[in-house]
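Working notes, structure below.
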Number of protein chains: 2
Amino acid sequence: MKPRHHVFVCTNRRSADTQMPSCAANGGGDVLEAFLRERAARGLYRTVYVTQSLCLGVCPPSGATVVVYPEGTWYVGVRASDVAEIFAAHLVDGLPVARLRDPRYV
Amino acid sequence: MKPRHHVFVCTNRRSADTQMPSCAANGGGDVLEAFLRERAARGLYRTVYVTQSLCLGVCPPSGATVVVYPEGTWYVGVRASDVAEIFAAHLVDGLPVARLRDPRYV
């Protein structure tokens, strides 16, 4: 059965000598862990998939990039402290968190 | 603008002492490269996104796992030699390649 939501969290790491931000340096690993913790707490293993990804092509100056399918909601600048809100509002109640959405993908 | 298709290719690596198959050992890296080459050859950078992912939770005994959103088409056992067909039939013509689909996700 297809999941209701499939969350991809960027944890891409760049070499320290590049000028570009990277989601690994911006806490992407903590964001991933926060999604996994929220899912475990709610027992939603079958309806919410969470996958660690490499570069999603959107590299915010702070925080990590997250995309949720099949709806195609792109979040940028996500911090671990934002994940409980994304989980409750979007993944459970179906209402994406407007303040974190990438305006280029709305 | 949202891409028309977003392809995630599993390249997850497991330690050599596990009994489980892994997409890295099954040629996932070559599958990823094949998607990138096809996209470059067609110049479809804006309409087809290709992202390298870690474990998608489906671990075929041979070949790699690929999921395409927003349609949620799951392919299993994909080899680099399958990618030209997936690209032409599915990503360009909109007709998923039935023989490679995971029957649990149809």
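Since every read-out is calculated from the coordinates, none of them should be taken as a lab result. Keep in mind it's a predicted model, so treat the numbers as computed, not measured. Reconstructed Cβ throughout: ideal geometry from the backbone, glycine too, with neighbour counts over all protein chains shown.
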Open item on the list: Within 10 Å of each candidate Cβ there may be at most 16 other Cβ atoms; applying that plus a DSSP loop requirement, which trypsin sites (Lys or Arg not before Pro) in region B:1-87 survive?
Closed with: B:Arg4, B:Arg13, B:Arg14, B:Arg46, B:Arg79
- [ ] Would you kindly work out, in nm and rounded to one decimal, the distances from the label point of B:Ser62 to those of the same position in each other copy, ordered shortest first, with label points 7 Å along Cα-to-Cβ?
- [x] 5.1
- [ ] Scan around B:Ala64 for amide H atoms under 5 Å from its own, H built in the peptide plane at 1.01 Å from N, and keep only partners 5 or more places away or cross-chain.
- [x] B:Gly77, B:Val78, B:Arg79
Task: Within chain B: Cβ-based charge dipole about Cα centre, in debye rounded to nearest 20 (Lys, Arg +1; Asp, Glu -1) - done: 220
TODO: Tabulate in residue order the Karplus-calculated ³J(HN,Hα) for region A:9-17, using 6.51 cos²θ - 1.76 cosθ + 1.60 with θ = phi - 60°, rounded to whole Hz; enter x for Gly and Pro.
DONE: 10, 6, 10, 5, 10, 10, 5, 5, 8
Open item on the list: Residue by residue through region A:96-106, what is 3J(HN,Hα) from phi via Karplus (6.51 cos²θ - 1.76 cosθ + 1.60, θ = phi - 60°)? Round to whole Hz and write x for glycine and proline.
Closed with: x, 7, 4, 5, 9, 6, 6, x, 6, 10, 8
TODO: Determine, from the Cβ-Cβ distance of B:Arg104 and A:Ala24 and an R0 of 30 Å, the FRET efficiency 1/(1 + (r/R0)^6), rounded to the nearest 0.05.
DONE: 0.40
TODO: Rank the residues A:Val106, A:Val48 as a footprinting-exposure proxy: fewest other Cβ atoms within 10 Å of their Cβ go first.
DONE: A:Val106, A:Val48
Open item on the list: Sort B:Asp30, B:Asp82, A:Asp17 by Cβ crowding within 10 Å, fewest neighbours at the top.
Closed with: A:Asp17, B:Asp30, B:Asp82
- [ ] Note the distances from B:Ala25 to each other copy's matching label point, with points 7 Å along the Cα-to-beta-carbon direction, in nm, sorted shortest first.
- [x] 3.5
Task: Ellipticity estimate at 222 nm from DSSP helix runs (n ≥ 4, -39,500 (n - 2.57)) divided over the protein assembly as shown, nearest 500 - done: -4500 deg cm²/dmol
Task: Where no second cysteine Cβ lies under 4.7 Å, the cysteines concerned in the protein assembly as shown - done: A:Cys55, A:Cys59, B:Cys55, B:Cys59
Task: With Cα atoms, 0 to 90° folded angle of helix B:28-42 axis to chain B main axis - done: 10
- [ ] Kindly identify chain B as rounded, prolate or oblate by the Cα gyration tensor criterion: order the square roots of the eigenvalues as a ≥ b ≥ c, call it rounded if a/c is under 1.5, otherwise compare a/b with b/c, prolate if a/b is larger, else oblate.
- [x] prolate
Task: Computed magnitude of the charge dipole of region B:1-58 (debye, nearest 20; Cβ of K, R +1, Cβ of D, E -1) - done: 360
- [ ] Could you pull out which residues in region B:26-62 have an amide N less than 13 Å from a spot 7 Å beyond the Cα of B:Arg79, following the Cα-Cβ vector?
- [x] B:26-28, B:31, B:62
Task: For B:Tyr45, inter-copy label distances in nm, listed shortest first [label point 7 Å out on the Cα-Cβ vector] - done: 4.2
- [ ] Return A:Val83, B:Val58 ranked ascending by Cβ neighbour count within 10 Å, so the fewest neighbours appear first.
- [x] B:Val58, A:Val83
Task: Low-density loop cleavage sites - GluC sites (Glu not before Pro) in chain A, where at most 16 other Cβ are within 10 Å (DSSP) - done: A:Glu71
